[in-house]
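Contents: one structure, followed by commentary.
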Amino acid sequence: MAPQPKLDDTLLRCIGCGAVTPVAESGLACATCGDLLEVVFPQPSAKPLLDPARLKTLWRERRSSELPADQSGVWRFREVLPSLREEHQAITLREGNTPLYELSRCARAAGVEHLYAKHQGMNPTGSFKDTGMTVAASFARQEGFHWVACASTGNTSASMAAYAARGGLRGLVLIPEGQIAWGKLSQALDYGAVTCQLKTDFDGCMCLLNEVVQRMPVYVLNSVNPYRLEGQKTAAIELLEQFEWRVPAHVIVPGGNLGNSSALGKAFLESKELGLISTLPKLSVIQAEGANALVRTIRETGGKKLIPVQANTMATAIRIGNPASWKKAVRVLEATGGTVEQVNEVEIALAKAEIGADGIGCEPASAVTLAGLKKLVKQGFVKPRETVVLILTGHLLKDPEFTLKFHRGDLLAGTGYEKEAGLLNAQQRAPIVLDASVDAVLRVLEQAERAG
Ligand code: F0G
């Protein structure tokens, strides 16, 4: 007899042994081998609805609708998502709908002609996490959970806290003490989550959370949750729509726990399978040198065996040494022909300032994309005339301390990179303290005009 799912007809597949189970019988790991699960796409019941031309028209039409699910830049694409029993039950903050910007100065700095940023930091809580959280939190509520929880370097916790509050759920946040940016911590507090700062790193928080869920009926909203990745897929589809379904040559993503690169890759592959596009962009992942588990895994084992690292970087969002979704990311790199690269703290800081000077701005972890692109152009992997999209994952205001230290010239103090501080001078704009006099301001203005 065919399996009879209790709650909905979503099927999950193990990425290790390939076992397929209905969602009602699954936790967040394969019951047979313990590996990660992914949502099977297309779900059998959705197949008849998936004509590509019809989908493109339908998704565009929904942009003029007043329905909350249509105004969400995630649920607008609901044909590629697992379906809720009741559409109006989605917990939505009208996430997604993020802008695609041309980055002209950054393009010159990187040596390419056509450079764009898909700014996922323009989501309601300021990071890409919202696109996944709306889906996973909605399913948590549908399944009757009272508590949701995550380990986080900051953005997941901010997003989860917001969606939990909106959905009437309680949120438990585990974060590494002293290692997350203040903007993110303040969000989790304001949205009412129970926030525990643990004396360990992100990887330690994740291990501890796995034990907590053994003892309490708490639903994990980290990116090991396959529903999170389904929601995050929609950023790739929205990007393709913004390009009027022309496919950019390269998409460049920061890598931490590797959920986002996996989700975006899944979306590109599924879009090709659906006939929405006929070629794939090369999806490449950039990591901080101090948190380079995927880079080492690819270079030293050909992607066969994870090499965990003791993570350390000022880009705290990606300070992760034992990435959960590494196998999914390796698969995406192989399927799209992308690559990996790592960048150091000075390169990250410089790239972040350059993105800022283009009038866009982002948090440090997002800036690894531009820093990595520069290297990929020098290596010839990215050709100057190819179209490149950087996925900017978090908003500039998430980590104001980093930005202020950068402009005041204090960022590299005590990091071992002091000798290279001069490389950042041209981008620094320290605030100027003056007497409150018109003449003093005019003098500064004239100096700035001369300096160009
Ligand atoms: N960029 C930002 C701003 C992030 O917050 C994260 C991850 C990443 C990139 C990396 O994405 O993990 O999917 O590879 N932040 C998580 C958190 C881990 O807890 O907020 P990934």
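Data for the structure
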| read-out | value |
| --- | --- |
| Cβ-Cβ under 6 Å pairs, at least 6 apart or on other chains, the stretch 243-263 side without any contact (Cβ under 8 Å) to a residue 60 or more places away in the chain and on the phi < 0 side of the Ramachandran plot, far side of a type outside the set (A, V, I, L, M) and more than 6 Å from the ligand (Cβ to nearest atom) | VAL247/THR279; VAL247/PRO281 |
| Residue within the stretch 117-132 that is within 18 Å of LEU239 (Cβ to Cβ), touching a Lys or Arg at 6+ places or on another chain (Cβ under 6 Å) and either hydrophobic (A, V, I, L, M, F, W, C) or without any contact (Cβ under 8 Å) to a residue 24 or more places away in the chain (or both) present | no |
| Matching residues in the stretch 379-398 - criterion: being in a strand (DSSP E or B) and either touching a helix residue (DSSP H, G or I) at 6+ places or on another chain (Cβ under 7 Å) or modelled with pLDDT under 95 (or both) | VAL388, VAL389, LEU390, ILE391, LEU392, GLY394 |
| Residues satisfying the stated conditions in the stretch 118-146, i.e. within 16 Å of the ligand (Cβ to nearest atom) and outside any helix (DSSP H, G or I) | LYS118, HIS119, ASN123, PRO124, THR125, GLY126, SER127, PHE128 |
| Verdict on GLU238 being modelled with pLDDT of 95 or more and either within 30 Å of PRO52 (Cβ to Cβ) or surrounded by fewer than 23 Cβ atoms within 10 Å (Cβ to Cβ) (or both) | yes |
| Residue list for the stretch 224-276, filter: farther than 20 Å from ALA317 by Cα and of a type in the set (S, T, N, Q) | THR234, GLN242, SER271 |
| Test: residue in the stretch 157-166 that is away from the ligand (no atom under 13 Å from the Cβ) and farther than 30 Å from HIS88 by Cβ | no |
| Where GLY414 falls short, out of the listed (1) within 13 Å of the ligand (Cβ to nearest atom); (2) in a loop (DSSP other than H, G, I, E, B); (3) farther than 24 Å from PHE243 by Cβ | (1) |
| Some residue of the stretch 173-183 being surrounded by 24 or more Cβ atoms within 10 Å (Cβ to Cβ), in a helix (DSSP H, G or I), touching a Ser or Thr at 6+ places or on another chain (Cβ under 8 Å) and at pLDDT 95 or above | no |
| Selection within the stretch 325-343 - among the small types (Gly, Ala, Ser) and surrounded by 22 or more Cβ atoms within 10 Å (Cβ to Cβ) | SER325, ALA329, GLY338 |
| Pair list, Cβ under 6 Å, 6 or more apart: the stretch 363-378 residue modelled with pLDDT of 95 or more and in a helix (DSSP H, G or I), other residue small (Gly, Ala, Ser) and near the ligand (Cβ under 9 Å from one of its atoms) | PRO364/ALA315; ALA365/ALA315; ALA365/ALA317; SER366/GLY394 |
| Scope the stretch 147-156; condition assigned to a strand (DSSP E or B), over 18 Å from LEU93 (Cβ atoms) and within 16 Å of the ligand (Cβ to nearest atom); matching residues | ALA149, ALA151 |
| Filter result (of a type outside the set (A, V, I, L, M) and either more than 12 Å from the ligand (Cβ to nearest atom) or closer than 26 Å to PRO248 by Cα (or both)) within the stretch 304-320 | LYS304, LYS305, PRO308, GLN310, ASN312 |
| Test set (1) under 30 Å from LEU376 (Cα atoms); (2) within 15 Å of the ligand (Cβ to nearest atom) - ALA110 fails condition number | (2) |
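To keep it simple, each residue is scored yes or no on (1) touching a helix residue (DSSP H, G or I) at 6+ places or on another chain (Cβ under 9 Å); (2) farther than 25 Å from ARG76 by Cα; (3) of a type in the set (Asp, Glu).
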| residue | (1), (2), (3) |
| --- | --- |
| LEU198 | yes, yes, no |
| ASP201 | no, yes, yes |
| MET206 | no, yes, no |
| VAL212 | no, yes, no |
| ARG215 | no, yes, no |
| ASN225 | yes, no, no |
| ARG228 | yes, no, no |
| GLY231 | yes, no, no |
| ALA235 | yes, no, no |
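The values are calculated or read from the model by the stated rules, or taken from the named source; none is laboratory data. It should be emphasised that the depicted structure is a prediction, and the values quoted were computed from it without experimental measurement. Cβ: placed from backbone, ideal geometry, glycine included. Neighbour counts: every protein chain shown.
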